[in-house]
1. So which of L319, L312 ends up being modelled with pLDDT of 95 or more, of a type in the set (A, V, I, L, M), surrounded by fewer than 18 Cβ atoms within 10 Å (Cβ to Cβ) and closer than 18 Å to F351 by Cβ?
2. I'd like to know if the stretch 219-239 contains one or more residues that are under 15 Å from the mean Cα position of the chain (by Cα) and not polar (S, T, N, Q).
3. Quick check on my filter: what residues within the stretch 173-195 are closer than 22 Å to L244 by Cα, modelled with pLDDT under 95 and not aliphatic (A, V, I, L, M)?
4. In the stretch 323-351, how many residues are out of contact with any Pro (no Cβ under 8 Å at 6 or more places or on another chain) and touching a residue at least 40 places away in the same chain (Cβ under 8 Å)?
5. What pairs come up if the first residue lies in the stretch 271-297 and is assigned to a loop (DSSP other than H, G, I, E, B), the second is among the hydrophobic types (A, V, I, L, M, F, W, C) and surrounded by fewer than 17 Cβ atoms within 10 Å (Cβ to Cβ), and their beta carbons are under 7 Å apart, counting only those six or more places apart or on different chains?
6. If a residue has to be among the charged types (D, E, K, R) and within 16 Å of I87 (Cα to Cα) to count, how many in the stretch 114-130 make the cut?
7. Filter the stretch 322-357 down to the residues that are on the phi > 0 side of the Ramachandran plot and either in contact with a Gly (Cβ under 8 Å, 6 or more places away or on another chain) or at pLDDT below 95 (or both) and list them by number.
8. Of the residues that sit in the stretch 291-309 and are charged (D, E, K, R) and over 22 Å from the mean Cα position of the chain (by Cα), which one is surrounded by the fewest Cβ atoms within 10 Å (Cβ to Cβ)?
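The values are calculated or read from the model by the stated rules, or taken from the named source; none is laboratory data. Keep in mind that this is a model prediction, so the values were computed, not measured. Glycine also receives a Cβ, built like all others from the backbone with ideal geometry; neighbour counts cover every protein chain displayed.
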Amino acid sequence: MIVFKARYLIVFFLMLQFFLTKGQVKEHSDGDKIENKVNTQPPIKSQNTTFPQIHTNLNGMVREFVRCMYQDKKGNYWFGTNGNGIIKYDGSVLENINIEQSPKWTAIRKIIEDKDGNIWFGTSSGLLKYDGEKYTAFSTEVGLPDEEIWGLAIDSKGLIWVGSIEGVSHFDGKIFTPFLLPDTVVENADPMLSIKGAGGFVEDNDGNMWINNDGNGIFKYKNGAFTHLTKENGLTDNNAGVGLKDRNGNIWIGSFYGGASKFDGTTFINFTKDGIIEGIETGGFYEDSKGNIWFTAENIGVYKYDGTKFTLYTTKDGLTSNVVLSIFEDNKGQLWFGTWQGLCIFDGEKFVNAREKEPWTN
């Protein structure tokens, strides 16, 4: 039996979606106000899924998996799926958002909220903004380098950073401004999608922006100056990505082939390379309200770091799968985990079906 690693499955699905939708996408420029219509059709509980759903798949609305989760300032839950667009729960109704006269917003990679309460979605079909009443789409017509968005963040000055497979841009709410990374490329670079691609942004306590560059390490930027971080000066792998700045200012880094690391401002600590934890492919970093750092190690499980020790959780502890795509804490202090096989909630000791804690997930 052939075992496919998770990253190759993800790339396969992305390429499949790309070819299926190529030529069908209508671009929308700044100012395109899109009517949104909530899909209130009865739940399709018998819907075929790519993977057996052991735990809830949001009342049959999720065919593959939940890639990202967020709860906004008003308490609304937002779920970004890999093939079924945006799903929202407003406290009373679980809704599959269907935006009329728009591209098929099937894959949702990032969800963030700005200081004014606008919700921003980085998708496979461009950037989407929800202001509480309407959706506005932004595409290549207003300067977005490419509509395949993988990175989205807001810095301390309120500037939006957008990372796509064709590069980085700044967005001030109206206009995209290209942000060019240096031409320096490591020897034998092995990008997953594009050597120009940028998949994540984290701003450290000194105002440096850490930028993932697909297969080409990480660039650190401040005031016009770049530092290129690679295997030559601290990273365990050039296929690496900065995942999190914790409350102590540490920068956590995951990778495809080098495991998990932490930069404390002076030194890189390589937990996997030093034999402290297992799993060469790591990501999905999340800090909970207690200061614990959570992240996934592919086919190994989920790690929790409490500042002193690592604890590994696996299917033996109730996880549906040892491959976790997303981690999120709601305002009740519940930790959600999106896996290949449904949504789990951690109750402090074990992982349970999300519907046991939140019946609205059905």
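1. So the residue among L319, L312 that is modelled with pLDDT of 95 or more, of a type in the set (A, V, I, L, M), surrounded by fewer than 18 Cβ atoms within 10 Å (Cβ to Cβ) and closer than 18 Å to F351 by Cβ is L312.
2. Here is the first cut: in the stretch 219-239, the ones under 15 Å from the mean Cα position of the chain (by Cα) are none.
Within the stretch 219-239, none of the residues are under 15 Å from the mean Cα position of the chain (by Cα) and not polar (S, T, N, Q).
3. P191
4. Of the residues in the stretch 323-351, 18 are out of contact with any Pro (no Cβ under 8 Å at 6 or more places or on another chain) and touching a residue at least 40 places away in the same chain (Cβ under 8 Å).
5. Listed by first residue and then by second, the contacts come to I276/F310; I277/F310.
6. Qualifying residue count, the stretch 114-130: 1.
7. Residue satisfying the conditions is G348 alone.
8. Result: K309.
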